[in-house]
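Asks: My structure is below; once you've seen it, I'll send some questions.
None of the figures in this text is laboratory data; all of them are computed from the coordinates on show. Everything quoted here is computed from the prediction, not taken from an experiment. Neighbour counts run over all protein chains shown; Cβ positions are idealised from the backbone, glycine included.
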Amino acid sequence: MDRKILLIYTGGTIGMKQDPETLLLKPFDFRQITREVPEIKKFGYTIDSLSFDPLIDSSDVKPAFWVKLANIIQANYGFYDGFVVLHGTDTMAYSASALSFMLENVEKPVIFTGSQLPIGMLRTDGKENLISSIELAAAQDADGHPHICEVCIYFDSQLFRGNRTVKYSAENFRAFRSANYPVLAEVGIHVKYNQDAIYHPRVWGRPLRLHTDLDTRVAVLKIFPGIDEPLVRAVLSTEGLRAVVLETYGSGNSLSDPWFLGALREFTDKGGVIVNVTQCQAGSVDMGAYANGDILRQAGLVCGRDMTTEAAVTKLFVLLGQYNDNKTVAEKMEIGVSGEISEK
Ligand code: ASP
């Protein structure tokens with residue numbers, strides 16, 4: 001069973017080791033991964049690795065990083081059965097969301113993983129995360145198709161759809177959650193695939209298409225009791241701004257002050273896109289439920305339903321890069337592209 005897996009190490013806690021003299025955490029040479037995790041040899045797969053230079057703390061991730069990563073995956077797409085991306089946890093949900101929109105027609109596993117404790121530490125969660133990610137990236141069904149054909153995050157025994165995931169704990173091994181979409185696979189004694197939740201292409205063999213023109217003229221605005229007009233106007237009058245992700249309360253409700261609704265209306269009247277997503281961890285925006293949601297619909301907001309902020313921001317980057325016309329972007333924001341929104 002010869003499978004070929006490419007490990008792409010970008011930085012983050014997982015690839016760190018304690019320097020025996022200084023006791024400080026330092027990245028180790030990832031080409032020596034089999035010295036750190038000799039268990040992976042037992043798979044019998046061909047496992048190649050590639051390290052970013054420089055390695056970064058994922059707090060430094062920028063759209064150019066996603067372009068580099070997408071290009072690496074495309075250049076190697078024909079040579080490997082699956083990809084495991086080792087990434088810091090802080091922005092992993094943004095990166096997995098971005099790649100899910102940038103890699104159109106992907107039908108091989110692209111699994112992001114990382115760890116809360118460095119791989120070189122005794123109680124590390126990094127080894128299990130890495131070993132299981134490799135196993136998931138290599139798994140195929142009886143027809144030789146991969147079990148997983150999408151961009152995912154694997155963490156603490158659970159495989160999630162990348163663009164449904166958020167980082168939720170800064171200290172527990174269970175660091176990620178996907179509140180609005182089921183777990184794709186649970187790894188215990190056996191790997192239990194949730195076939196109903198996993199994406200399966202209707203036809204296999206469509207060519208991978210890359211979207212690397214990202215337009216980042218996007219702002220995220222979170223409302224809070226006491227938010228004032230100068231702040232909202234300062235954000236909305238940002239030079240060149242094309243879109244805003246507005247984080248609202250509950251099922252998509254906001255303050256009803258005329259100055260607020262007026263400022264939103266002015267922005268949408270000028271062609272700007274405002275996507276309404278909820279500040280809640282779970283559930284969906286429904287601008288028809290309350291009067292305080294309906295006023296946002298009247299102000300021209302797009303319904304982000306149950307999309308995460310991470311997915312909304314990165315989807316906007318990709319769509320704004322593809323279309324000059326904001327109206328088209330607004331329409332496409334309400335339509336699922338890679339499983340990021342639940343059907344109505
Ligand atoms: N700050 C680190 C990063 O995101 C934390 C981690 O690796 O988990 O790169």
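Asks: When 1/r is averaged over all different Cα pairs and the result inverted, which Kirkwood radius in Å belongs to the range 123-190?
Replies: Computed over the range 123-190, the radius equals 12.7 Å.
Asks: Another question about this same structure. How many percent of the alpha carbon pairs in the range 70-193 exceed a separation of 24 Å?
Replies: 21 percent
Asks: Tell me, in nm to one decimal, what length is gained between residue 210 and residue 62 on full extension, where the rule is 0.36 nm per residue of separation less the Cα-Cα distance?
Replies: 51.5 nm
Asks: Could you give me D for the chain, from Stokes-Einstein at 20 °C and 1.002 mPa s, where the hydrodynamic radius is the Kirkwood radius over C-alpha pairs? Units µm² s⁻¹, please.
Replies: Answer from the Stokes-Einstein relation: 102 µm²/s.
Asks: Further question on the same structure: In whole Å, what is the distance between the alpha-carbon centres of the range 132-159 and the range 1-63?
Replies: Each part reduced to its Cα centre gives a spacing of 19 Å.
Asks: Between residue 298 and residue 53, what is 0.36 nm times their sequence separation minus the Cα-Cα distance? Round to one decimal in nm.
Replies: Once the chain is fully extended between residue 298 and residue 53, it gains 83.4 nm.
Asks: Using the alpha carbon gyration tensor of the range 45-135, what are the three equivalent-ellipsoid semi-axes (square root of 5 times each eigenvalue), largest first, in whole Å?
Replies: Here the semi-axes work out to 21, 17, 12 Å.
Asks: Would you calculate the separation in nanometres between label points at residue 266 and residue 191, each defined as 7 Å from the Cα along the Cα-to-beta-carbon direction?
Replies: Going from the residue 266 label point to the residue 191 one covers 5.4 nm.
Asks: Can you tell me, using C-alpha contacts under 8 Å and at least 6 residues apart, the relative contact order of the chain as a whole percent?
Replies: 15 percent
Asks: Over the range 12-67, how many percent of alpha carbon pairs lie in each 10 Å bin up to the one with the longest distance?
Replies: The distribution over the range 12-67 is 18, 42, 31, 9, given as percents.
Asks: Another question, if that's okay. What lysines sit close enough to residue 4 to cross-link, taking a C-alpha to C-alpha distance under 18 Å and skipping anything fewer than 8 places away on the same chain?
Replies: Candidates past the 8-residue exclusion: 41, 42, 108.
Asks: Among the listed pairs 26/62; 68/167; 167/222; 26/192, which have their C-alpha atoms separated by more than 25 angstrom in this model?
Replies: 26/192
Asks: Further, regarding this structure: If you take every DSSP beta bridge whose two residues both sit in the chain, what share of them, in percent to the nearest 5, is antiparallel? If you can, show how the numbers build up before the last one.
Replies: Working: 18 of 49 bridges.
Bridges in the chain are about 35 percent antiparallel.
Asks: Follow-up question, since we're still on this one. Cβ under 14 Å from residue 26's Cβ, residue 26 left aside: what net charge do those residues give with Lys, Arg +1 and Asp, Glu -1?
Replies: -4
Asks: Taking 25 Å as R0, compute the FRET efficiency from the Cβ-Cβ separation of residue 227 and residue 282 and round it to 0.05.
Replies: The calculated FRET efficiency here is 0.60.
Asks: May I pose another question? Under a straight-distance cross-link criterion of Cα-Cα below 19 Å, which lysines are reachable from residue 270, leaving out those fewer than 8 residues away in the same chain?
Replies: 327, 332
Asks: Report the label-to-label distance for residue 2 and residue 34 in nanometres (one decimal), using points 7 Å from each Cα along the Cα→Cβ vector.
Replies: Going from the residue 2 label point to the residue 34 one covers 1.5 nm.
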